[in-house]
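The values are calculated or read from the model by the stated rules, or taken from the named source; none is laboratory data. This one's a predicted model, so the numbers in the text were calculated from it and none came from an experiment. Every residue, glycine as well, gets a Cβ built from its backbone with ideal geometry; the counts of neighbours run over all protein chains shown.
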Amino acid sequence: MTIAFDNSYARLPHAMFARVQPTEVPAPHVLAWNQPLADDLKIDLQDTDKARYFSGNALPDGADPIAQVYAGHQFGNWNPRLGDGRAILLGEVLDRSGARHDIQLKGAGRTPYSRGGDGRAWLGPVLREYVVSEAMNALGVPTTRALAAVGTGAPVLREQGPLPGAVLTRVATSHIRVGTFQYFASVGDTDSLRALLEHTSARHYPTANSPKDFLAHVVRAQAELVAKWLSLGFIHGVMNTDNAHVGGLTIDYGPCAFMDAFHPMQVYSSIDHTGRYAYGNQPNIAAWNCAQLATALLPLEADRDAAVATFTEVVHGFGPIFEAAYDRIFLRKIGITTPQDGDMDLLNDLMKQMALAEADFTNTFRNLAQAPFPDWQAEWAARIAKEPDPEAVMQAINPAIIPRNHRIEQMIDAAVAGDMAPFERLHTALANPFAQRDDDLTAPPRPEEVVQATFCGT
Ligand code: AMP
Ligand code: MG
């Protein structure tokens, strides 16, 4: 067998998904293939099969393709039915360590949840997600992964005009979102809601044995995830509840971006007019998303009033968990592993000066000794003299390289013109983000290279 599928979601109640078939494309060709991930997943294929299977033109034995239904709050507005409009779950596999992963095609054609969409993706967002999600993984952030990018040979029509079509094969420990729970709660399907809770607990939190317990795990996972995002200057851009993963993975790399110059309220997404998903607002939004999950779990409780009280308390736990994670990670970023009074003031003072100076977020932390803040540095040097090995701590947590917007845009432009070399170079460099390097890939954008906004036009 070439892919050993074991499709547990497709065995759940029928209300939870629709059986679908990918739509054939004219000329599938592999653009990128993640061999280390394929090895982990025990996927061993000939090149011709990679193109056929991961474009959707042929189904590997054992696949049971489905589209999952979910709902969600998009920019705070309730949408009663979203679902996989351009994603098709081929099935699940167990990796070498026995952990379960979804194998999902993104951009493989329409599904019952496509609404007005074409079910397709174009090359740009496919390569963006490939590069950024794999970079996130290398940076130690929980995330969906990328197994393959396959060109389809068919154009996709977007605002900019016709663009080359592509399919991304996304791998994830699940694709279960806050919005998946919201869907079954909102339609009053308590049986499916309960089945979903059992399934999700078994996959992500096997020790959780009540809705409250499950919620507490999600709150912790989300709080720790957002602390990691902030520590890397990452802005997700579209933290809708349908993009809030209950396993605490980063999912949906649409309008995301890593900050160059530090600004606490930086926004990149071209459709985020109010700054709802700004850098510094991400903890508030993640907590709000957890509150929506809590609401969706209420129908599983006989005594709702009591559940409202206990769930509220659990959701209020988000703040302290987030702050502890944030403080721990950010203090490490300035070389401190044995916190003492005054350390957070030292950190906050640095961040204030960085914001005023519009200092490059990544490079400032990576080269703190060279930062142009002399008074701060004197105080900091005295403080870390008491730390065991601050240099090693900082080098292991402050990356030398992140996927900068302008590099991603340049990589996409080249790929559209048929040149995959910038993709290869960027992707290869990002596989070892903590290794010392000092070249054009680590440099902030020149003024004419700055990307002002990232687009949802995916
Ligand atoms: P996203 O903004 O990617 O989180 O997607 C929000 C919803 O829109 C999800 O239900 C997607 O499946 C759907 N969607 C996005 N793009 C397309 C497309 N090109 N065709 C069909 N559905 C889409
Ligand atoms: Mg999404």
| request: Just one of (1) of a type in the set (Asp, Glu); (2) part of a helix (DSSP H, G or I); (3) at pLDDT below 95 trips up Asp272, so point out which. | output: (2)
| Unmet requirement for Ala302, which otherwise passes all of (1) within 16 Å of ligand 2 (Cβ to nearest atom); (2) modelled with pLDDT of 95 or more; (3) assigned to a loop (DSSP other than H, G, I, E, B) | (1)
| said: Any residue at all in region 282-291 that's assigned to a loop (DSSP other than H, G, I, E, B), aliphatic (A, V, I, L, M), at pLDDT 95 or above and within 16 Å of ligand 1 (Cβ to nearest atom)? | reply: no
| The listed residue being within 16 Å of ligand 2 (Cβ to nearest atom) and in contact (Cβ under 8 Å) with a residue 40 or more places away in the chain, out of Val30, Val69, Val93 | Val69
| task | Under 9 Å between Cβ atoms, at least 6 apart or on separate chains: pull out the pairs that start in region 309-320 with a residue that is at pLDDT 95 or above and end on any residue that is not in a helix (DSSP H, G or I). | result | Thr310/Glu301; Phe311/Glu301
| query | Just one of Met265, Met239 is over 20 Å from Gly140 (Cβ atoms), within 16 Å of ligand 2 (Cβ to nearest atom) and aliphatic (A, V, I, L, M); which is it? | reply | Met239
| remark: Those residues of region 215-267 that are under 25 Å from Thr169 (Cα atoms), aromatic (Phe, Trp, Tyr) and away from ligand 1 (no atom under 11 Å from the Cβ) come to a total of 3
| message | Need the failing condition index for Lys42 against (1) part of a loop (DSSP other than H, G, I, E, B); (2) touching a residue at least 60 places away in the same chain (Cβ under 8 Å); (3) surrounded by 14 or more Cβ atoms within 10 Å (Cβ to Cβ), just the number. | response | (2)
| said: Given the criterion over 24 Å from the mean Cα position of the chain (by Cα), more than 30 Å from Ser186 (Cα to Cα) and of a type outside the set (A, V, I, L, M), identify the matching residue among Arg11, Arg52, Arg19. | reply: Arg52
| task | Please enumerate the residues belonging to region 133-159 that are within 14 Å of ligand 1 (Cβ to nearest atom) and surrounded by fewer than 24 Cβ atoms within 10 Å (Cβ to Cβ). | result | Ala154, Pro155, Val156, Leu157, Arg158, Glu159
| If Gly85 satisfies every condition in (1) touching a Ser or Thr at 6+ places or on another chain (Cβ under 9 Å); (2) part of a helix (DSSP H, G or I) but one, which is the exception? | (2)
| region 101-140, subset out of contact with any Leu (no Cβ under 7 Å at 6 or more places or on another chain) and among the aliphatic types (A, V, I, L, M), residue farthest from ligand 2 (Cβ to nearest atom) | Leu127
| task | Check off (1) more than 24 Å from Val93 (Cβ to Cβ); (2) out of contact with any Ser or Thr (no Cβ under 7 Å at 6 or more places or on another chain); (3) within 16 Å of ligand 1 (Cβ to nearest atom); (4) not aliphatic (A, V, I, L, M) for Pro125 and give me the number that stays unchecked. | result | (2)
| query | How many residues are within 13 Å of ligand 2 (Cβ to nearest atom) and on the phi > 0 side of the Ramachandran plot when one looks only at region 73-90? | reply | 2
| request: Confirm whether Lys50 is more than 16 Å from ligand 1 (Cβ to nearest atom) and in a helix (DSSP H, G or I). | output: yes
| request: Would you mention how many residues in region 253-273 are closer than 23 Å to Thr180 by Cα and surrounded by 24 or more Cβ atoms within 10 Å (Cβ to Cβ)? | output: 3
